[in-house]
Structures are given as C-alpha cells and as structure tokens.
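A short worksheet on the structure shown next.
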Amino acid sequence: MKRFQWLWAVPPLFLLGSCAGAPAHEMNHSMSAAPVPPEYEEEFKTLNAQADDLHLQIPPEISPEHALIHLRLGIIYFKIGNYGEAIDNLTRSSLMNPDSPEVHLYLGRTFSATDRTDDAVEEYQTSLKLNPKQPEAHKELGGLYRHLGMMKAAESEDQYSQSGETTPSLP
C-alpha cells in the first residue's frame, strides 16, 4: 500500500474528479444516466451507508473494505449506465486493491462502453495478467481487438474463451 500512500496525502482530483476522498453521501450523484433500478436500490443504499461509516472510522488507504465497497458501487453504476461514477468508484477500488482482476475487468468494460478503447484494452490485459482464466475478459478483449482490426489477436482471444486451454498471444 505504501506505493499509493502519496495519493491520499494530496487528493487525486485529476484522477477521480471532484468527489475524491468525499464520503459517499457527499458525492454528486446528479450525473446519473438512470435512476437506480429497484433490484439494486437496497444494495446501493446499504453500500453508501457502509462507505459513509468506513470513511468516518478508517482511512481509506488501509481498509480493504473500502476497495470492495467501491468495486460493488462501480459495478452498480456500470450496470445502470452511469459510467462517470462507475469509473470514479472502480478507479478508487483499483488504487486500494491493484491486484483485483474483477476491478480491472469492470474498468475495461466501462472504458469500452465509453469508447476509450486503448484504456479498455489495457485494463483487460491487466485483469488477464492477474487471472488468465477469465473467459469473459478474453471474449471482450477479443471483441476490442477485432474492432481495432487486430484479427490474429482477436482469434487468439476467441480460441481461449471457447476452449479455456490455449494461451492467447498478447500483441
């Protein structure tokens, strides 16, 4: 954690926007692309309350619970189409827990949804370095490679996602 400690000494506004370091109840949720659907509403409220409590009790850089809460919030924001909040929460989670393949997978999905293809490829590759046996990451990375015209790399990823046995060749 020491390598990221400097980030919390000076709020990383350039990375996370104006809500950096703010408790969940102080974050600006007005950019929401859609209201929270009923199936996520209870979890969303619970996670925000947990985040508020944790921000008051424990500095974020030393709490693994913060990383998990921001990951789960990021996934909810991704699913409801609020990609700005998804990126904010997923980036926070990745700074606290850089070795989580799931964080990088959802960052890849979010960047892909916002046409940040290069960032998406990088996140999928990071996710696969952390856990090479993720068929969904291989499939989505293959789709991005195909979009970029990198057909050999796309075919390699497609083969992996179907068989789960071959090792894809990274470009």
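The values are calculated or read from the model by the stated rules, or taken from the named source; none is laboratory data. Model, not experiment: these values are computed from the prediction. Note that each Cβ is placed from the backbone with ideal geometry, even for glycine, and that neighbours are counted across all protein chains shown. Heavy atoms of the whole protein, side chains included, go into the accessibility calculation; ligands, DNA and RNA do not. Shrake-Rupley method; radii C 1.70, N 1.55, O 1.52, S 1.80 Å.
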Worksheet item: (1) open to solvent by less than 20 Å² (accessible area, probe 1.4 Å); (2) in contact with a helix residue (DSSP H, G or I) (Cβ under 8 Å, 6 or more places away or on another chain): which one isn't true of ASN82, the others all being true?
Response: (2)
Response to the item:
Checked region 80-94 for anything in contact with a Gly (Cβ under 7 Å, 6 or more places away or on another chain) and either of a type in the set (Asp, Glu) or without any contact (Cβ under 8 Å) to a residue 24 or more places away in the chain (or both); matches are ASP88, ASN89, LEU90
Practice prompt. Kindly list the number of the only condition in (1) at pLDDT below 95; (2) closer than 23 Å to ILE76 by Cβ; (3) surrounded by fewer than 24 Cβ atoms within 10 Å (Cβ to Cβ) that fails for LYS133.
Written response: (2)
Fill in: Residue list for region 113-125, filter: of a type in the set (Ser, Thr, Tyr) and surrounded by fewer than 21 Cβ atoms within 10 Å (Cβ to Cβ)
THR114, THR117
Discussion item. Under 8 Å between Cβ atoms, which residue pairs at least 6 apart in sequence (or on different chains) link something in region 130-156 that is without any contact (Cβ under 8 Å) to a residue 12 or more places away in the chain and assigned to a helix (DSSP H, G or I) with a partner that is among the polar types (S, T, N, Q) and surrounded by 15 or more Cβ atoms within 10 Å (Cβ to Cβ)?
Written reply: none
Worksheet, complete the sentence: Expected single match for out of contact with any Phe, Trp or Tyr (no Cβ under 8 Å at 6 or more places or on another chain) and open to solvent by 20 Å² or more (accessible area, probe 1.4 Å) among LEU107, LEU68, LEU128 is LEU68
Worksheet item: Counting only residues that are modelled with pLDDT of 90 or more and among the polar types (S, T, N, Q), how many does region 38-88 have?
Response: 1
Worksheet item: Do you know which residues across region 140-154 are under 22 Å from the mean Cα position of the chain (by Cα) and surrounded by 16 or more Cβ atoms within 10 Å (Cβ to Cβ)?
Response: GLU140, LEU141, GLY142, GLY143, LEU144, TYR145
Worksheet item: Is there a residue being in contact (Cβ under 8 Å) with a residue 60 or more places away in the chain and within 20 Å of PHE44 (Cβ to Cβ) anywhere in region 68-79?
Response: no
